[in-house]
Structures are given as C-alpha cells and as structure tokens.
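> Quick one: the structure is below, questions incoming.
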Amino acid sequence: MEKAYVRSLFDSIAYRYDLLNHLLSGGIDLYWRRSAIQHLSSLQPKKILDVATGTADFALATLRLHPEEVIGVDISEAMLAIGRKKIASKNIQTRITLETGEAEKLRFENDTFDAAIVAFGARNFEHLELGLSEMKRVLRNGGKLVVLEFSKPKHFPFKQFYFFYFKHILPVIGKLLSKNNEAYQYLPDTVMKFPEGDEFLRILQNIGFTHVQHESLTFGIATIYTGIK
C-alpha cells in the first residue's frame, strides 16, 4: 500500500480512530492487546519498539511489563499527536516516547531492542517483508517479535456473519463516525489481502525468525504471531 496514501488516510481519521476501534470491536481490541503483551511476560523486556504505534494504545499496554523504555514510531503525525496527549495525561513521558518513522526504514542501530511489536499495522506496511526484516534487525539476539493483526474466521456460522459485518456494516459505521468515505472500506480490503496463519509464519521463517507461533483470538477475528531472533 502506497505510504503517502496510508499516511493521509490515517491523518484524516485520527480524531475518531480510538472510538471507532472500540466500537467496531465491541471493546475486544483492549483484550487482544493485553493478550498479545502477555507473550512478552517471560522475557521481561527492558527496551520495546512499537512499530505503527498509531495513538499508542499498544505501547501503553506494555507498561504492565514494567519496561524501562518504550519507543513508538508511526507515519501519521496526527495519530502520534493523540498518542502524546495520552502519554502526557498519565505523566509517563520519560517511559514512552513517540516519533515519526517508517517500518521499512527504522533509524535504530542493530540489536537495540529486547522486543519489537506491532498491532493492526503490519497490513499497512508498504513492503511487508522489508518492514518485518527491519524489526528483526533492531532486535537483539534472543529478542522477540509480537504481531497482532486481524484475520479471517474459518468456521460456520461465525465466518458468514463476520464477512457480512466486515464488508457491509463496518464501512457504513466507519464512514458515519469518521466522515471519511475511504477509510473503513480500506480496512476490510487490507484484512482480506493480508497473509495469515501458516502463510504469515512462513514469511517470518524466511526472514530468519525462529520458534514462530500463532494464537487465534475470538473465533479467528484476530491472531497473535510471535518469533524469536
């Protein structure tokens, strides 16, 4: 997906992004993030990189692990501005910092972070393999990747209900609340095209991650993927 288009799209819906996420997932996205962060609990990472951090919800969720430093990067300055307000309201600017950055061109040195995470952002990478390779590069040896992403339910009748909701209802609600004609048509489109399950694990293996695993959430609506450098 072209980066300039994605940036402008998320800039335009930033002010309603959190509300829409919570409404459209029934609040389940909060549970999904907590579940994903639990995959880092045994590692107890001190330095965490959150790629495509958006409004910083995933970065904030990592605080339950008591890291020393969390850095979030995103291409949308409007989304980052909202994230910074959340961080300032909690007075935790010394623990979480946000900056403009692209997944495919991370500014950090090799072997910098204990964990690299991304929630609902991998499908927006302009070049998926390159973005994931960059996340691996900045991880230390033994560091862990956690990817939380939408996926497609497989079983009747939830599969049929979900596809109808995702293709016909979600874009209408998103359009009404965000005043953006494209944003919530874009969301279903990217989910439908994203490699998932074993296919995504093969991508991680090809990049060089080991011990790759995935965990399906809520009837397969979302999936957590993990790998070790």
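> With each run of n ≥ 4 DSSP H residues scored as -39500 (n - 2.57), what mean residue ellipticity at 222 nm is computed for the chain after dividing by its residue count and rounding to the nearest 500 deg cm²/dmol?
On the way: 9 runs with 100 residues, N = 229.
The per-residue figure over the chain is -13500 deg cm²/dmol.
> Now for a different question. Treat every Asp and Glu Cβ in the range 1-122 as -1 and every Lys and Arg Cβ as +1, leave all other atoms uncharged, and give the resulting dipole magnitude about the Cα centre to the nearest 20 debye.
Numbers: 15 positive and 16 negative charges, 89 e Å.
Approximately 420 debye in magnitude.
> How big is the range 62-182 on each of its three principal axes, counting only the C-alpha atoms and giving the largest first in Å?
For the range 62-182, the Cα extents along the three principal axes come out at 44, 33, 28 Å.
> Beyond 24 Å, what percent of the Cα pairs of the chain remain?
Numbers: 10479 of 26106 pairs.
Of all Cα-Cα pairs in the chain, 40 percent lie more than 24 Å apart.
> Sticking with this structure for a sec: Would you report the distance distribution of C-alpha pairs in the range 1-135 as whole percents per 5 angstrom bin, up to the bin with the largest distance?
It works out to 2, 11, 20, 24, 23, 14, 5, 1, in whole percents.
> Now for a different question. Can you figure out the FRET efficiency of Glu199 with Lys105, using R₀ = 35 Å and their beta-carbon distance, to the nearest 0.05?
Numbers: r = 25 Å, r/R0 = 0.72.
For R0 = 35 Å, the calculated efficiency reads 0.90.
> Setting aside same-chain residues fewer than 8 positions from Lys229, which aspartates and glutamates have a Cα under 18 Å from its Cα?
Here the aspartates and glutamates satisfying the reach criterion relative to Lys229 are Asp50, Glu104, Glu109, Asp111, Asp114, Glu129, Glu134.
> Given a 1.4 Å probe, how much area per residue of the range 1-57 is accessible, in Å²?
Values: 2420 Å² over 57 residues.
Accessible surface, normalised per residue, equals 42 Å².
> Carbon-plus-sulfur fraction of the accessible area of the chain, 1.4 Å probe, in percent? Write down the numbers at each step before the final one.
Values: 5790 of 10520 Å².
Summing carbon and sulfur atoms, their accessible area is 55 percent of the total for the chain.
> Then there is this: Evaluate the charge dipole of the range 153-229 about its Cα centre and quote only its size in Debye, nearest 20, assuming +1 on the Cβ of each Lys and Arg and -1 on the Cβ of each Asp and Glu. Before the final figure, lay out the partial values.
Details: 8 positive and 6 negative charges, 33 e Å.
It comes to approximately 160 debye.
> I want to check the label-to-label distance for Glu77 and Leu23. Put each point 7 Å from Cα in the C-beta direction and report it in nm to one decimal.
With each label placed 7 Å out from Cα toward Cβ, I get 2.8 nm.
> Another question about this same structure. Largest first, what is the accessible-area ranking of Leu128, Leu40 with a 1.4 Å probe? Kindly include the intermediate steps, with their values, before the conclusion.
Details: Leu128 25, Leu40 0 Å².
These residues rank, largest area first, as Leu128, Leu40.
> If the limit is 32 Å between Cα atoms, which of Lys105/Lys193; Lys3/Lys144; Lys144/Lys179; Lys46/Lys159 go over it? Can you show the working numbers first?
Numbers: Lys105/Lys193 23 Å; Lys3/Lys144 26 Å; Lys144/Lys179 38 Å; Lys46/Lys159 39 Å.
Violating the 32 Å Cα-Cα cut-off are Lys144/Lys179; Lys46/Lys159.
> Between Tyr5 and Ser216, how many nm apart are label points set 7 Å from Cα along the C-beta direction?
Between Tyr5 and Ser216, the label points sit 3.1 nm apart.
> Of the options Ile228, His155, Ala78, report the single residue whose Cα projects farthest towards the positive end of the charge dipole of the chain (beta-carbon charges: Lys, Arg +1; Asp, Glu -1).
His155
> What FRET efficiency do you get for Glu126 and Ser89 if R0 is 35 Å and r is their Cβ-Cβ distance, rounded to the nearest 0.05? Display every interim value, and only then the final one.
Working: r = 32 Å, r/R0 = 0.91.
Efficiency for this residue pair is about 0.65.
> Compute, for the chain, the length of the dipole vector about the Cα centre, with Cβ point charges of +1 (Lys, Arg) and -1 (Asp, Glu) only. Units Debye, rounded to 20.
On the way: 29 positive and 26 negative charges, 102 e Å.
About 480 debye.
> Let me ask something else about it. Can you give the Rg to Rh ratio of the range 144-229, both from alpha-carbon atoms, with Rh computed by the Kirkwood formula?
On the way: Rg = 14.9 Å, Rh = 14.1 Å.
Radius of gyration relative to Kirkwood radius: 1.06.
The values are calculated or read from the model by the stated rules, or taken from the named source; none is laboratory data. This structure is a prediction, so every number in the text was calculated from the model and none was measured. Methodologically, a virtual Cβ is constructed for each residue, glycine included, from the backbone with ideal geometry; neighbour enumeration extends over all protein chains shown. Side chains are part of the model used for accessible areas, which takes the heavy atoms of the whole protein and leaves out ligands, DNA and RNA. Shrake-Rupley method; radii C 1.70, N 1.55, O 1.52, S 1.80 Å.
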